[in-house]
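Let me begin by presenting the structure, written as structure tokens, before commenting on it.
The values are calculated or read from the model by the stated rules, or taken from the named source; none is laboratory data. This structure is a prediction, so every number in the text was calculated from the model and none was measured. Virtual Cβ from ideal backbone geometry, glycine too; neighbours counted across all protein chains shown.
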Amino acid sequence: MSITEQDQMNIVIVGHVDHGKSTVIGRLLADTGSLPDGKLESVKENCKRNSKPFEYAFLLDALKDEQAQGITIDAARVFFKSDKRHYIIIDAPGHIEFLKNMITGASRAEAALLVIDAAEGVQENSRRHGYMLSMLGIKQVVVLVNKMDLVEYDEKVFNAIQKEYNEFLSKIGLKPAAYIPVSGMNGVNIAGKNSETSWFDGMNVLEALDMFQVEAAPHDKPFRMPVQDVYKFTRFGDNRRIIAGTVETGRLHKGDTVMFLPSGKKSVVDSIEAVHKDGQDFIESGMAGGFTLAEQIYVTRGEMAVKVGEAYPEVSTTFQVSLFWLAHQPMVEKKEYFIKIGTSKVAVKLEKINGIIDASNLGSLEKNQVERHDVADCTLVTQKALAFDLSDEISATSRFVIIDNYEITGGGIIRKSVENTTSDIRNHIQIRNYKWEKGSVTMARRAERLCQRPTLVIITGGKEQDKKTLAKSLEEKLFEDGRYVYYLGIGNVKYGVDADLVENKQNGREHVRRLAEVAHIVLDLGAVLIVTASDLDQEHLEVIKASINPEVIQTIWVGNEVTTDIQNDLHILDDELETTDCVARIKENLQDIGTFFKVWN
Ligand code: GTP
Ligand code: MG
């Protein structure tokens, strides 16, 4: 019999070390008849022979070697079934592993059992795990107060723990569906009702599991599909591409208009290419599949496909997150890490720590770095804009991991997008790209004819520096080489396109924005565009990068001293300026970034 989504559920069991997670699971397996025949007896027999007391937790270890008799357990996952449905219980050995898996999507749990030892009471990890569950968006939680036998099944002990823990959980917005007094060891309130707790008239553990609701598949949310890959049809003359990925939420039909973010490019869905399902005209959450487009637009892995007409995700370089740090090395400001959201991976820096939350007591700690196991509220800044959702809206596309040196070192969820210096411009650009009416000649065809990739060469430096002569020599040289090239001084824009702007410092950014828009058109023509402007700084460059693909921008600073914070690709000193050598160096740089397709004669 195959198991449908409806009758299967993933549950995670968490709790402080030794509070009895494995024992509760072992008991659950035994009391629901989920163990292979004779297993319980053989484990008990084995204990007797080695004169060690039997533990229900041993069942889990014993089952690990069970390959031959149908696997009941693998790694930290236990499979069993009730009359109602099948369960996978994830026994989170290290909660860090679990967190990592939850965030990366390696495992998903819809509900949780949280175990607290009645004799020891609420411990640091009891609280930390509660916090973690709330951070991961697991809202269905049942708390098991275990080892009730050690406190003589005293109702007062149970009530006190319930009260204390509830106070904590209410602060983080978690409301457990139930508290159950149990004894894993004696099997009290696990799969039956027991006289030891006659004062308790609630559900037992098995009933509590069966009460959890399977979450509805998020088909009714806005469509989100991180682009995993773009495949080319191989048949001759067919130049369509399949945009492939796994749909996180929503649904997309043939004929819908899709937009790709952060680029803002859009097109109409020409066909749906669903895996294993021929003739289907839509894809929806949970499915791996793809679609082709009516127009060929340039889309790459890492963009997020969304549906026009539905709520859009955020697009930003700056956002506030709740972050859980896993690495021994603390997370520090200024260091470059990578962030992975969906299928996109970009460089990221820790901009600011707004607060470190001590997850065990919700107090805040004053620290200037995020240490192992800290939960931090912080602001991150990425090198390139990312598309994402906020955790309150669509949790799947708000989750991220931080990677340092090929290892996952942290993870978390995005709480909100932060306005930054280029967010207004990015908004314009999104609309601009959305409204942009494309001609029938594609960028790829232009590039093929011109044997070059459109590129923007920015020559900047102090006011006194002669940048124009260099720009014109470069233009001359590239033209002689047979290249399609154009020189544009910022002055050309200033007195034409910018005629309505007063020239002052405040308008500097707007001048640059307009220059970038003009450059965008010239680049769309397929040209190599050389621009000159004085004293450009990093913020100006960010404005330009918001409009133009950063990969095709080359920045050159002219003059001995770099007087702004701009990051240059090439630095030309005063006495080098006299030589023709610097033109050759710029050309070489362009070759390196792949501007020219082949060497012309
Ligand atoms: P870790 O996996 O190491 O975090 O521990 P755990 O939470 O899985 O605890 P485990 O089930 O291994 O139990 C730890 C100890 O508590 C064992 O010695 C159990 O026998 C004991 N224990 C578990 N449940 C009960 C119970 O209901 N009553 C009593 N008296 N002891 C229990
Ligand atoms: Mg255990």
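Residue check, Val230 against (1) of a type in the set (A, V, I, L, M, F, W, C); (2) within 16 Å of ligand 1 (Cβ to nearest atom); (3) touching a strand residue (DSSP E or B) at 6+ places or on another chain (Cβ under 9 Å), all met but one. Which one?
Exception for Val230: condition (2).
Looking only at the range 206-232, which residues are without any contact (Cβ under 8 Å) to a residue 12 or more places away in the chain and under 18 Å from the mean Cα position of the chain (by Cα)?
Those that are without any contact (Cβ under 8 Å) to a residue 12 or more places away in the chain and under 18 Å from the mean Cα position of the chain (by Cα): none in the range 206-232.
Restricted to the range 19-41, and to residues that are among the charged types (D, E, K, R) and surrounded by fewer than 24 Cβ atoms within 10 Å (Cβ to Cβ), which residue is farthest from ligand 2 (Cβ to nearest atom)? If you could, list the steps in order and put the result at the bottom.
In the first step, residues of the range 19-41 are kept if they are among the charged types (D, E, K, R); the result is 21, 27, 31, 37, 39, 41.
This time we only want the ones that are surrounded by fewer than 24 Cβ atoms within 10 Å (Cβ to Cβ), so: 31, 37, 39, 41.
Working: Asp31: 18, Asp37: 25, Lys39: 18, Glu41: 22 Å.
Going through the qualifying residues, I end up with Asp37.
Any residue in the range 139-152 that is at pLDDT below 95, within 27 Å of the chain's Cα centre (by Cα) and not hydroxyl-bearing (Ser, Thr, Tyr)? Quick ask: steps written out before the conclusion?
Keep residues of the range 139-152 that are at pLDDT below 95, which gives 139-140.
Narrowing the set further to residues that are within 27 Å of the chain's Cα centre (by Cα) leaves 139-140.
With the extra rule that they be not hydroxyl-bearing (Ser, Thr, Tyr), the set shrinks to 139-140.
Yes: one or more hits.
Any idea which of Glu273, Glu310, Glu295 is part of a strand (DSSP E or B) and farther than 30 Å from Lys367 by Cα?
One residue alone meets the criteria, Glu273.
Inspect the range 360-371 for any residue being in contact with a Ser or Thr (Cβ under 9 Å, 6 or more places away or on another chain) and modelled with pLDDT under 90 and give the result as yes or no.
yes
Out of all the residues in the range 266-276, is one or more free of Cβ contacts under 8 Å to residues at least 24 places away in the same chain, out of contact with any strand residue (DSSP E or B) (no Cβ under 8 Å at 6 or more places or on another chain) and farther than 18 Å from Lys384 by Cβ?
Yes, the range 266-276 contains at least one residue that is free of Cβ contacts under 8 Å to residues at least 24 places away in the same chain, out of contact with any strand residue (DSSP E or B) (no Cβ under 8 Å at 6 or more places or on another chain) and farther than 18 Å from Lys384 by Cβ.
Pairs, please: C-beta under 6 Å, at least 6 apart or cross-chain, first residue more than 10 Å from Val188 (Cβ to Cβ) and in the range 140-154, second among the small types (Gly, Ala, Ser) and in a helix (DSSP H, G or I)?
What qualifies is Val142/Ala208.
Go through the range 16-57 and give me each residue that's without any contact (Cβ under 8 Å) to a residue 40 or more places away in the chain, within 15 Å of ligand 1 (Cβ to nearest atom) and over 21 Å from Leu206 (Cβ atoms).
Val43, Lys44, Cys47, Lys52, Pro53, Phe54, listed by residue number.
Please verify whether Leu577 is more than 28 Å from Leu450 (Cα to Cα), touching a Ser or Thr at 6+ places or on another chain (Cβ under 7 Å), aliphatic (A, V, I, L, M) and surrounded by 16 or more Cβ atoms within 10 Å (Cβ to Cβ), treating the condition exactly as stated.
No.
Sort through Leu501, Leu536 and tell me the only one that's out of contact with any helix residue (DSSP H, G or I) (no Cβ under 7 Å at 6 or more places or on another chain) and part of a loop (DSSP other than H, G, I, E, B).
Result of the check over Leu501, Leu536: Leu536.
Please verify whether the range 364-372 includes one or more residues that are without any contact (Cβ under 8 Å) to a residue 60 or more places away in the chain, within 21 Å of the chain's Cα centre (by Cα) and assigned to a strand (DSSP E or B).
yes
Checking the structure you have, find out if any residue of the range 174-197 is among the charged types (D, E, K, R) and either within 16 Å of ligand 1 (Cβ to nearest atom) or within 20 Å of Asp31 (Cα to Cα) (or both).
Yes, there is a match, as at least one residue in the range 174-197 is among the charged types (D, E, K, R) and either within 16 Å of ligand 1 (Cβ to nearest atom) or within 20 Å of Asp31 (Cα to Cα) (or both).
Mind telling me which of the residues Val182, Val214, Val188, Val227 ends up being of a type outside the set (Gly, Ala, Ser) and within 16 Å of ligand 2 (Cβ to nearest atom)?
That would be Val182, the only listed residue that is of a type outside the set (Gly, Ala, Ser) and within 16 Å of ligand 2 (Cβ to nearest atom).
Could you grab me the full set of residues in the range 134-152 that are within 16 Å of ligand 1 (Cβ to nearest atom), surrounded by fewer than 23 Cβ atoms within 10 Å (Cβ to Cβ) and either hydroxyl-bearing (Ser, Thr, Tyr) or in a helix (DSSP H, G or I) (or both)?
Listed by number, the residues that qualify are Asp149, Leu150, Val151.
If a residue has to be closer than 19 Å to Ile593 by Cβ and loosely packed, with under 14 Cβ neighbours inside 10 Å to count, how many in the range 445-472 make the cut?
The total comes to 1.
For Tyr337, which of the numbered conditions (1) within 26 Å of Met132 (Cα to Cα); (2) surrounded by fewer than 16 Cβ atoms within 10 Å (Cβ to Cβ); (3) within 18 Å of the chain's Cα centre (by Cα) fails to hold?
Going through the list (1) within 26 Å of Met132 (Cα to Cα); (2) surrounded by fewer than 16 Cβ atoms within 10 Å (Cβ to Cβ); (3) within 18 Å of the chain's Cα centre (by Cα), Tyr337 breaks only (2).
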